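Visitor: Mind looking over this structure? Questions follow.
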Amino acid sequence: MAFTTLQGASATDATSFIGSAGVDSVNLNNVGTPIWLGAQAAGDVISFESSTRTVSNATLRGGQGQDRLNVSDGATSLTDSFINLNSDNDVMQLLNVSSSTIYGGAGSDTLITGELRSVRFNSNKGDDTTTIAGATGSSIFGGQGSDTTTLNGDYSTSVIQGDNDNDTLTF
């Protein structure tokens with residue numbers, strides 16, 4: 001199945017991608033911004049592939065089911081955006097992210113990012129595994145659950161908290 005695409009009424013309105021009750025897949029390849037994407041039930045796949053630019057002003061919401069949000073090339077970055085993976089055990093793999101908010105949602109999520117710049121990052125509920133390549137001026141929270149967080153690179157100007165339960169932080 002596929003996401004339904006709804007174009008905004010003007011150039012400044014978001015293009016919306018709306019999932020169905022089944023397993024959906026969408027490849028956002030050089031899509032204009034802003035975008036709004038709402039996954040629904042089942043495990044959906046959201047991919048940014050072969051895009052050579054920054055995606056900005058995006059709202060990406062996972063639904064129920066094990067969703068996968070993936071950037072599979074080395075050129076796409078995300079800025080001024082909001083991501084909430086919502087329920088179940090989701091997988092997110094992003095490159096560089098700036099001036100954005102990311103929530104893992106409920107479930108034991110696997111969250112992998114490149115450099116975070118001025119990002120509010122909360123892996124949220126569940127026993128999450130997070131790997132971050134570096135963080136500048138960001139706030140990183142583990143949320144509820146026994147989380148494993150690995151930070152590589154520079155993180156000296158960021159706030160990092162494991163939050164509730166027994167968390168493991170590796171620097």
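Visitor: What dipole magnitude, in Debye to the nearest 20, does segment 16-158 give about its Cα centre under +1 on Lys/Arg Cβ and -1 on Asp/Glu Cβ?
Guide: Dipole size: approximately 320 debye.
Visitor: Based on alpha-carbon positions alone, could you give the equivalent ellipsoid semi-axes of the chain from the gyration tensor, as √(5λ), descending, whole Å?
Guide: So the three semi-axes of the chain are 26, 19, 12 Å.
Visitor: I would also like to ask the following. On the accessible surface of the chain, probed at 1.4 Å, how many percent belong to carbon and sulfur atoms?
Guide: Carbon with sulfur: 46 percent of the solvent-accessible area.
Visitor: Towards the positive end of the charge dipole of the chain, with charges on Cβ (+1 Lys, Arg; -1 Asp, Glu), say which of S99, A133, N70 has the farthest Cα.
Guide: The residue sitting most towards the positive pole is S99.
Visitor: Write down the accessible area per residue of the chain in Å², having rolled a 1.4 Å probe over the full set of protein chains.
Guide: Result: 44 Å² of accessible area for each residue.
The values are calculated or read from the model by the stated rules, or taken from the named source; none is laboratory data. On a predicted model such as this, the values are computed, not experimentally measured, just so you know. Neighbour counts run over all protein chains shown; Cβ positions are idealised from the backbone, glycine included. In case anyone asks, the SASA skips ligands and DNA or RNA and just uses the protein heavy atoms, side chains included. Shrake-Rupley method; radii C 1.70, N 1.55, O 1.52, S 1.80 Å.
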